[in-house]
1. Which far-off residues, 5 or more places away or on another chain, put their amide H under 5 Å from the one on Leu68, with H placed in the peptide plane?
2. Among Tyr99, Tyr20, Tyr46, determine the one that fluctuates most according to a GNM of the chain built with springs between C-alpha atoms less than 10 Å apart.
3. Provide, as a two-decimal number, the C-alpha radius of gyration of the range 1-123 over 2.2 N^0.38 Å, N being how many residues it has.
4. Build a GNM of the chain with springs between Cα atoms under 10 Å: which of Gly41, Gly132, Gly143 gets the top mean-square fluctuation?
5. Between Thr149 and residues 5 or more places away or on another chain, which pairs have amide H atoms under 5 Å apart, with H built 1.01 Å from N, and which residues are they?
6. Longer than 26 Å from Cα to Cα, which of Lys24/Lys94; Lys18/Lys90; Lys90/Lys144; Lys6/Lys100; Lys74/Lys144 are they? Say none if no pair is.
7. I want to verify a result. In a Gaussian network model of the chain, Cα cutoff 10 Å, which of these has the top mean-square fluctuation: Val105, Val23, Val89?
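Laboratory data are not the source of any read-out in this text; all were calculated from the coordinates shown. All values derive from a computational prediction rather than experimental measurement.
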Amino acid sequence: MTEDGKRQGQVVWYNERKGYGFVKVGGEEIFIHHSALDQFGLSAIYPGDMLTVCISENDCGAVIHDILAIERVKPKSVPVDAELRENEVKGVVKFFNTYKGYGFVDIGADKRDVFVHLRTLRICGIHNLTEGQQILLHVSDEGKGPQATEVRLFRQD
């Protein structure tokens, strides 16, 4: 711990519905409850976000009781005229519901819609998609239908 009690940590995961998650501080994953977010004026934090926090101990162990600062993870973005990477396709968001945690992307008239899971977006540093938004994605089909495995956004310059 620093002499002023502040610690730096990176969000491992946070479930908005359950209202809790974990932040890696040093080599330890520390519990964070939505009340710490509420006090700071946040409704959610995302994997990769960097937090400056204060930690205390309770009967269950270490817990983050205050967020002092946040640095959001930046999503990967590319210019609109970027060349596609190998096995990458362009798509248009057909539907995405953050609360439900999934959506679908149209990648062309001759192919089925591609399923996009919120977890995949969060891994890529993306918090949400909007209907009609153009994106780049890698697609795989493990037997349940086409699913996005990586997503990149077009830069909004």
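1. Placed amide hydrogens put Thr52, Val53, Cys54 under 5 Å from Leu68.
2. Residue with maximal mean-square fluctuation among Tyr99, Tyr20, Tyr46: Tyr99.
3. Details: Rg = 18.3 Å, N = 123, 2.2 N^0.38 = 13.7 Å.
Working it through for the range 1-123, the quotient is 1.34.
4. Evaluated over the chain, the most mobile residue of the options is Gly143.
5. HN-HN under 5 Å from Thr149: His138, Val139, Ser140.
6. Pairs exceeding 26 Å: Lys24/Lys94; Lys18/Lys90; Lys6/Lys100; Lys74/Lys144.
7. Val89
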